[in-house]
Amino acid sequence: YSLPVAQHTNKINKNNMMKMGSSFTSVASTAFNMPKIGLGTLGLDPTEAKTTINEALSLGYRLFDCAPVYFNEKEIGDAFHEATTGVPRSDVFITSKLAGPFHRPEHVEPALRKTLNDLRLGYLDLFLVHWPVAFKYVDFDPSIRGWDNEDIDDSEGGKNIDLTVSLRDTWHAMESLVDKGLVKHIGVANFPVMLLHDMLSYSRIPPAVNQVEIHPYNQQPKLLEYCNSRNITVQAYSPLGTPGFKESDEPHILSDPVLNEMARSKGITDAQLCLQWSLQRGCSVIAKSSNIRHLEENLLVNHKNEFVSGAVQLSSDEMDKIAALDRGYRFFRPEEWWPENPVPVFH
């Protein structure tokens with residue numbers, strides 16, 4: 001796995017940076033070619049990173065979705081660097097995200113450079129604002145890879161939310177990362193329509209992606225319609241309903257009888273059905289697994305972004321049946337994470 005910079009530094013030649021920045025700014029404004037199915041790394045045990053990344057690359061995964069608050073980017077970076085598949089960096093699409101404590105403009109670039117150092121990369125293909133909520137700044141040592149603790153993800157029940165940071169200021173700092181050649185594309189995650197609508201009024205480089213929770217129980221058709229109309233790619237996370245993270249009293253999407261019967265009739269797994277449904281709605285999807293059988297099942301498109309030969313298509317009647325399952329159910333409910341300072345992002 002070839003890297004464009006030395007493994008433990010983010011120093012970039014200024015001349016190259018300017019050339020890259022000019023190119024990336026043009027790319028961000030005109031072209032966006034992201035694999036339709038990616039491997040999510042939320043919950044990926046750091047000790048399993050090397051094996052999982054190698055297996056995923058070998059199977060044909062070319063999109064990897066990362067984040068500092070998953071606390072495994074250092075190990076994922078090592079896995080990329082030590083991968084034995086021979087896949088060049090230019091063939092792989094790597095996403096990471098801006099954590100809440102680094103929303104102030106002066107903190108955006110240092111946070112990105114920290115992620116680049118952890119992932120042992122020279123640039124990201126996509127950098128997302130992880131949540132539209134800023135936290136109070138958390139200091140870190142940029143020379144150290146990885147995180148010693150999980151303070152950057154600690155809202156202290158909402159007490160650490162910083163109400164004085166403007167998303168507009170954060171976004172302009174994100175745009176500068178494209179100019180400098182540090183990221184190819186920028187986007188957002190967990191943004192409702194009105195925040196997107198406002199952002200598009202002031203953005204010089206509009207968000208390429210909005211990564212949101214979408215599955216048959218939380219279909220978000222109005223958000224999808226809006227994003228399509230504004231040329232924003234919707235990327236579905238938790239497309240299978242987070243079976244590994246949900247509480248015992250929460251619904252289990254992969255046990256839904258309508259989905260079970262439909263999957264059996266088409267000779268595919270329930271997970272494949274859910275992913276195909278998202279793809280046919282025009283979404284890209286992020287699915288997490290460290291099980292090689294599930295990795296293989298989930299990969300419904302090959303690395304050239306084309307449907308595999310003979311891929312099962314859902315009829316309009318079948319799509320309508322799945323549409324009827326929508327109940328607006330979210331597994332990720334931030335207002336419950338921040339009871340001391342409730343910010344109901346989706347209400």
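Points to keep in mind about this one:
- Once the stretch 162-191 is narrowed to residues that are charged (D, E, K, R) and surrounded by fewer than 20 Cβ atoms within 10 Å (Cβ to Cβ), the residue that is farthest from ARG204 (Cα to Cα) is ASP162.
- For LYS74, the criteria (1) in contact with a Lys or Arg (Cβ under 7 Å, 6 or more places away or on another chain); (2) open to solvent by less than 10 Å² (accessible area, probe 1.4 Å) hold in every case but one, which is (2).
- For ILE94: the one exception among (1) outside any loop (DSSP other than H, G, I, E, B); (2) over 30 Å from GLU336 (Cβ atoms); (3) open to solvent by 10 Å² or more (accessible area, probe 1.4 Å); (4) β-branched (Val, Ile, Thr): (3)
- The one condition in (1) in contact with a strand residue (DSSP E or B) (Cβ under 7 Å, 6 or more places away or on another chain); (2) more than 21 Å from LYS97 (Cβ to Cβ); (3) modelled with pLDDT under 95 that ILE253 fails to fulfil: (3)
- Tally, over the stretch 268-296, of residues that are assigned to a helix (DSSP H, G or I), more than 22 Å from THR95 (Cα to Cα) and open to solvent by 10 Å² or more (accessible area, probe 1.4 Å): 5
- Hits in the stretch 117-128 - residues which are more than 11 Å from LYS184 (Cα to Cα), touching a residue at least 60 places away in the same chain (Cβ under 8 Å) and surrounded by 23 or more Cβ atoms within 10 Å (Cβ to Cβ): ARG120, LEU121, LEU128
- Odd one out for GLY86 among (1) modelled with pLDDT under 95; (2) under 17 Å from the mean Cα position of the chain (by Cα): (2)
- Yes/no for PHE93 being within 19 Å of ASP153 (Cα to Cα) and touching a residue at least 24 places away in the same chain (Cβ under 8 Å): no
- Given (1) crowded, with 18+ Cβ neighbours inside 10 Å; (2) of a type outside the set (D, E, K, R); (3) under 30 Å from LYS246 (Cβ atoms), index of the condition LEU195 fails: (1)
- Scanning the stretch 34-63 for residues that are without any contact (Cβ under 8 Å) to a residue 40 or more places away in the chain and either on the phi > 0 side of the Ramachandran plot or open to solvent by 60 Å² or more (accessible area, probe 1.4 Å) (or both) yields THR47, LYS50, SER58.
- For the stretch 133-153, the candidate set comprises residues that are open to solvent by less than 20 Å² (accessible area, probe 1.4 Å) and in contact (Cβ under 8 Å) with a residue 60 or more places away in the chain; within that set, the residue that is nearest to VAL165 (Cα to Cα) is VAL133.
- Flag for VAL108 being surrounded by 19 or more Cβ atoms within 10 Å (Cβ to Cβ), among the β-branched types (Val, Ile, Thr), touching a residue at least 40 places away in the same chain (Cβ under 8 Å) and part of a helix (DSSP H, G or I): yes
- Test: residue in the stretch 131-148 that is touching a Gly at 6+ places or on another chain (Cβ under 8 Å) and of a type in the set (A, V, I, L, M): yes
- Residues satisfying the stated conditions in the stretch 220-255, i.e. over 22 Å from TYR70 (Cα atoms) and open to solvent by less than 10 Å² (accessible area, probe 1.4 Å): CYS227, ILE232, ILE253
The values are calculated or read from the model by the stated rules, or taken from the named source; none is laboratory data. In this text the structure is predicted, and so the values were computed from the model without any measurement. In this analysis, Cβ positions are derived from the backbone assuming ideal geometry, glycine residues included, and neighbour counts consider all displayed protein chains. SASA here: full protein model, heavy atoms, side chains in, ligands and nucleic acids out. Shrake-Rupley method; radii C 1.70, N 1.55, O 1.52, S 1.80 Å.
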